[in-house]
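As structure tokens, the structure follows; a few thoughts come after it.
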Amino acid sequence: MDFEQLLAQLRAQRATADASFRALDAEGQGILARAQADNARALTDEENERSLVIVSERRAAREQIATIDARIAEVEAERAADAADADAAQRSAPGAAGPAGGTQHARTSEREATYTRRKQVQDGVSFFTDMFRQQMGMASPETQARLQSHTAEMAEARTERAVATGGLGGLVPPQYLVDLAAPIARAGRVTADIVRHLPLPAEGMSIIVPRQTTGATTAVQATQNTNVSNTDIAVTDLVVPIVTIAGQQDVSRQSLERGHGVDELIFADIVSAYNVNLDAQVLAGTGSAGQMLGILNTAGTTQMSAFGAPAAAATFWSKLAGAIVAVQTGRFLAPTGIVMHPRRWGWLTSLVDASNRPLVVPNQNGPSNAQGHYNEPLDTNASAPVGWMQGVPVYTDANLPTSVGTGPEDQVITARLEDLLLWEENGGVPRELRFEQTLGNQLTVKLVAYGYAAFTAGRYPLATALIGGNAGAGNGLVAPTF
């Protein structure tokens, strides 16, 4: 899927959400107008109850629009960055036409960063090679000067962490590598991309989230001059640990000392592995041994009743409806996403009725009485919805476990995504890198990368409902056959 297709989908979602908001607003204004026209009477109980529902649904629609707008802005920014990279590469190529119609000379301007893609391609200036030589005590004065200049640039741009972290000997990758890795950073982490994102605090190894356990109450006053309902709000602290996600990669000394253009390949591989692990933590982290507490292991979420037989179209449809209702009645707001394994979505799109007509059909077919619908097949790592069921967008994430319980089953998550909180630094790209020469007799160097993140689904556990994972052997969401 290209940027234009993704933007078209997001804008269509926004138009739908905006239409819903406007319809609710018009309905609310109509209730008030009818009461005003009727001698400015007070609202009836039914009108008052409906008005409160409208206020809640308006708020939810407004939040949904804001979330979609943020995603549109991210995609547009990424599209603009791609266009700028392509334009810069064309303009900086030797022999390219300059601004005045002359020839563009391939030389560094005063404002150009120390490490850029142009310098890597044309001049052979490699960030990874310089970092390796510096940490191995092999850096020339020119190499040291480049690294010092790069460190100063990163400090000026305020992209470094606190001194306590930077003092560990790691270096921050140059911005051009971070920009190139941005699409990869979203690959393999579908669920991590669609939850609510918050900036990670600069210090500390835990985040305190206030969680209200008892709210205020109201009640009808029995008679005049008698006590009204009075309940004190109770708040507890939800402690969310900041976890360290780290990995290492073996790199030959030959590739670092003699290779050309290896920076992008090395960094892309690190980012890909890092984000697959992060997404797996968001989904199924155990909360122990330094892990996040993932969605599937969070206490207090709603677990739908077990399937009594292998899942079928009718039973899955019923469970999904129940999960949506569970979120609506537990959180009092509608769910905004359904997350399932690609094999479960594939199973759904393979289902047919008694006349062999598919139950989940493409939009182009003009769906009528369909269980679900979709636009086109997407990559499994795409963070755009693959389709919709019961009015809720569906996302596929291959990091979801597929052997839960005695079934064994995969699980389907129905949630209000805005209530799932993920704190990250630098947009999820690992920033601190260093080389460790632990296999010197093999001319192998280990590149170690790490980053920090925190996640919780525990602020509003009832904003999540789970299907599957609790059926008997051979039952439920077992592996489908095609």
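Scanning region 284-304 for residues that are over 21 Å from the mean Cα position of the chain (by Cα) and without any contact (Cβ under 8 Å) to a residue 40 or more places away in the chain yields Ser288, Ala289.
The residues in region 457-482 that are part of a strand (DSSP E or B) and open to solvent by 10 Å² or more (accessible area, probe 1.4 Å) can be counted, and the count is 0. Residues of region 2-61 being open to solvent by 60 Å² or more (accessible area, probe 1.4 Å), within 29 Å of the chain's Cα centre (by Cα) and acidic (Asp, Glu), which ones? Hits for region 2-61 are Asp2, Glu4, Glu57. Filtering region 29-46 to residues that are closer than 24 Å to Val220 by Cα and not in a loop (DSSP other than H, G, I, E, B) leaves Ile31, Leu32, Ala35, Asp45, Glu46. Look at region 332-354: where a residue is open to solvent by 50 Å² or more (accessible area, probe 1.4 Å) and at pLDDT below 95 and a partner is part of a strand (DSSP E or B) and of a type outside the set (Gly, Ala, Ser), sitting 6+ places away or on another chain with Cβ atoms under 9 Å, you get Ser350/Pro358; Ser350/Val360; Val352/Pro358. If you go through region 62-75 and keep only what is open to solvent by 90 Å² or more (accessible area, probe 1.4 Å) and either modelled with pLDDT of 85 or more or of a type in the set (A, V, I, L, M) (or both), you end up with just Arg62.
Give region 189-229 a look and list any residue that's surrounded by fewer than 11 Cβ atoms within 10 Å (Cβ to Cβ) and without any contact (Cβ under 8 Å) to a residue 12 or more places away in the chain, or say none. Answer for region 189-229, where residues must be surrounded by fewer than 11 Cβ atoms within 10 Å (Cβ to Cβ) and without any contact (Cβ under 8 Å) to a residue 12 or more places away in the chain: Thr218, Ala219, Val220, Ala222, Thr223, Gln224, Asn225, Thr226, Asn227, Val228. Residue check: is Thr44 farther than 30 Å from Ala80 by Cα, free of Cβ contacts under 8 Å to residues at least 24 places away in the same chain and not charged (D, E, K, R)? So Thr44 fits the description; yes. Being in a helix (DSSP H, G or I), at pLDDT 70 or above and closer than 30 Å to Val239 by Cα is a property that does not hold for Thr129. Of the residues making up region 230-250, those that are within 16 Å of Pro210 (Cα to Cα), of a type in the set (A, V, I, L, M), open to solvent by 60 Å² or more (accessible area, probe 1.4 Å) and assigned to a strand (DSSP E or B) number 2. When restricted to residues that are modelled with pLDDT under 95 and crowded, with 22+ Cβ neighbours inside 10 Å, region 420-430 contains 3.
Among residues of region 122-133 that are among the basic types (Lys, Arg), those with a Cβ under 9 angstrom from a residue that is open to solvent by less than 10 Å² (accessible area, probe 1.4 Å) and at pLDDT 80 or above, sequence gap 6+ or separate chain, pair up as Arg133/Thr143. Out of all the residues in region 406-413, is one or more in a strand (DSSP E or B), crowded, with 19+ Cβ neighbours inside 10 Å, at pLDDT 90 or above and more than 21 Å from the chain's Cα centre (by Cα)? Within region 406-413 (the criterion being in a strand (DSSP E or B), crowded, with 19+ Cβ neighbours inside 10 Å, at pLDDT 90 or above and more than 21 Å from the chain's Cα centre (by Cα)), the answer is yes, since at least one residue qualifies.
When Ala185, Ala273, Ala216, Ala268 are checked against the criterion of being at pLDDT below 80 and in contact with a Gly (Cβ under 6 Å, 6 or more places away or on another chain), a single residue qualifies: Ala185. When Gln104, Gln90 are checked against the criterion of being surrounded by 13 or more Cβ atoms within 10 Å (Cβ to Cβ), at pLDDT below 85 and under 30 Å from Lys119 (Cβ atoms), Gln104 stands alone in meeting it.
The values are calculated or read from the model by the stated rules, or taken from the named source; none is laboratory data. These numbers come from a predicted model, not from an experiment. Backbone-built Cβ (ideal geometry, glycine too); neighbour counts: all protein chains shown. In case anyone asks, the SASA skips ligands and DNA or RNA and just uses the protein heavy atoms, side chains included. Shrake-Rupley method; radii C 1.70, N 1.55, O 1.52, S 1.80 Å.
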